[in-house]
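Heads up: the structure comes next, in structure tokens.
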Amino acid sequence: MSTRSRLLLELPRILRFGAVGLLNTALGYAVILGALQFGYGDVVSNATGFAAGLVLSFVLNRNWTFNRATGYRSGTIQRYILTFVVAYSVNLAIVLAARAAGLIDNPFTHLAGIAAYSLTFYLGASRFVFVPSRRLTRVSAPSINMLATQCWPELLVLLGILVAYLLLNDIAVSHDVTWQMWIARQLLGGATLYRDILELNPPLWFWMALPVESMAQKFGIPSVQAMIAAVFLLATIALALLSALLAERTARERGLLLVAAFVATIIVPLPDFAQREHLALICALPYVALIARRADSLPTNWKIAAAAALIAGAGLALKHYFVLVPMVLEIWLLLKQRRNWTPLRAELIVLSSIGALYAVAVVVFAPDFLGTMVPMVNLAYAGYETTFVDQFARPYLALWALCAFALWKQRSEATSLTVAAALAALAFSLAYFAQQKGWRYHSIPATSLALFATATLWHRLRWKSTTLPAGVAMAAAVFVPIYASLVHGPHQNLVEKEVNDLLSDSKPGKTVVMLTANPSSIWPMVEDAGLKWPSRHFTFWMVHTIFAYQNEHGQLSSELERLAQDVRQQTVEDFTCNPPEMILVDDFRYSRSPGFDIVDFFSENAEFRQLFAHYDLVRQVDAYASYKKSDAWVPTASSHCRTIH
């Protein structure tokens, strides 16, 4: 048959395919507009619209565009999704290539991407998806068929990670992550942690940032963007290990679990992306699946077990509270296996080795953490603790209760993976209470693992026989945390506008500091503005305890008085070595210590009084005042001053 004859025969089908495309575009757009009208936001609305359009296009293409009297081979849905993934990837590749070539936000780029997407989708649908079963058997290579029917979950999640990274590679992160990368930059520049920089937390989080910061400097990209890329890489590795640990499951079940894991590790933690709890969650998930396999007595390659334990050990070592996770899982496994339990397993050997090596590394490479910071934290960090009542009065506690109710109602359907995920969520919730802060990011691992535990039951549910309360709880346990994270969006700093207004008076490269106890009052704004931070302290967190003790007892204890004197003298040394062009002052009206005057606190040091006398009040914005240094004043710096990078 000639090419012209084939085209004439193909034309009606092409026209039907185009008509279906117009219909699913119209439906998708209508759904997006409706969702936006109901306040669901861009991300949720867009995803819902695309999903609706994809479902409609499948139904119409299957029953109208490519209607086959002989029917289709099983696996049509999987092949359709795979074709969509490939077509969308072609579109994405064209857009990214155009951006790399300098064609940014160009409508013709998207037009070319849509054309390539449509052509690829049509060819895939006509030649691969909607073909008679006998033709598929004859022309489809076994490897392609296997890819479509067995590996589509991995391909789908990989595309999800790619798209998520493209959307989120420059999102806002919290002050803690910005400080982490700042410390890594100083360490690479020769600073000594816990001497030149007095940081509360153990060193592992900052050591982890060193290779990331090094790569950022090598390739000339912002530090935080490099860390976000590293987190996505870590999530990809974790999901690959999870996939390997789910190998015996059907593609449909594996797909559901991998999508749930993607949501739990990328979407739910969005407001506190790259925090330590986020990293611990990502690292713990494959280990949870590994222990579930052990409980089911399934054979596991020791290399996979060791790899899962390797990243779990790194993530769970970030805070000593996280040791509860492997402990709870191991106790459950012991009770389940009884006499068959053995400690001589690859994962326990690796976990124990990581714990021992980290302990030795702290003693050898960061001895000042134990000698300086631990006593300081024990003495003065209590000012940030809250009551158990306050910890319970958080919205995520209601979500945990909802997940617990859903899991209890469906306990007869629970698998070992369900139980392991639920126990890990319980262990992380105990870590949340043990920290006594009630901060949202402390709740991330428990919330995400509770969601994942609930999702493990979805493919096993008999929805028609499920009671209404149990069904509602099952659905809400999965969708409420997703909705809450998407509505909240990435990290938001509530005082960013006011502080940036004051920082605008300084140029990038200048030195600026804030006298405050709240890190989010100045971070990440000072870093984003390209300004230098001269203090060895993140913020002056210890003043809450000092103020509370002074109010309660009338005078400070000898230990707190010594600490207060040290902080004042350290600040004088820091400001003399690297004189701030501008000093911002927090009046503490929004803090847990209203009425505290931090300038008066530092002015008890005579050298600080003399130093601060060279600064003039410029203006006040809400709770923050700015003081500008006199151009004529140049302090005499010590020969031991460090360089700020």
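Summary of values
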quantity	calculated
Partner lysines for residue 319 [C-alpha distance under 25 Å; skip if fewer than 8 residues away on the same chain]	437
Shape category assigned to the range 172-488 from the gyration tensor of Cα positions, a/c cut at 1.5	prolate
Free-standing Cys, the chain [no other Cys Cβ under 4.7 Å]	151, 283, 403
Those residues of the range 476-491 whose amide nitrogen sits under 17 Å from the label point placed on residue 171, 7 Å along Cα→Cβ	479-491
Sorted by Cβ neighbour density within 10 Å, fewest at the top, the residues 379, 279, 270	379, 270, 279
Relative exposure of 330, 552, 385, judged by other C-beta atoms within 10 Å (fewest first)	552, 385, 330
Under 17 Å from residue 510, Cα to Cα: lysines that are on another chain or at least 8 residues apart	532, 628, 629
Peptides ranked, highest mean first, by Cβ atoms within 10 Å: ranges 306-318, 364-376	306-318, 364-376
Gyration tensor (alpha-carbon) shape descriptor, the range 306-348, a/c threshold 1.5	oblate
Per-residue [θ]222 nm for the chain (sum of -39500 (n - 2.57) over DSSP H runs n ≥ 4, rounded to 500)	-20500 deg cm²/dmol
Rounded if a/c under 1.5, otherwise prolate or oblate - the range 462-609, Cα gyration tensor axes	oblate
Charge dipole (the chain, unit charges on Cβ, about Cα centre) - positive-most of 430, 473, 396	473
Dipole in debye (nearest 20) - the range 496-629, about Cα centre, beta carbon charges: Lys, Arg +1; Asp, Glu -1	280
Folded to 0 to 90 degrees: helix 543-553 orientation relative to the chain principal axis, Cα	50
Sparsely packed trypsin sites (Lys or Arg not before Pro) within the range 402-498, loop by DSSP, other Cβ within 10 Å at most 11	462
Theoretical gain in end-to-end length, residue 64 to residue 430 [0.36 nm per residue, Cα-Cα removed]	126.2 nm
Cleavage-rule hits, GluC sites (Glu not before Pro), the range 571-645, DSSP coil, Cβ neighbours within 10 Å at most 13	604
Likely footprinting exposure, 248, 277, fewest C-beta neighbours within 10 Å first	248, 277
Paramagnetic label zone (point 7 Å from Cα along Cα-to-C-beta, residue 48; backbone N under 14 Å) in the range 482-525	482-484, 486-487
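Since every read-out is calculated from the coordinates, none of them should be taken as a lab result. Only a predicted model underlies this, so the values are computations on that prediction, with no experimental measurement involved. When we count neighbours, we look across all protein chains shown, and the Cβ atoms used for this are built from the backbone with ideal geometry, even at glycine.
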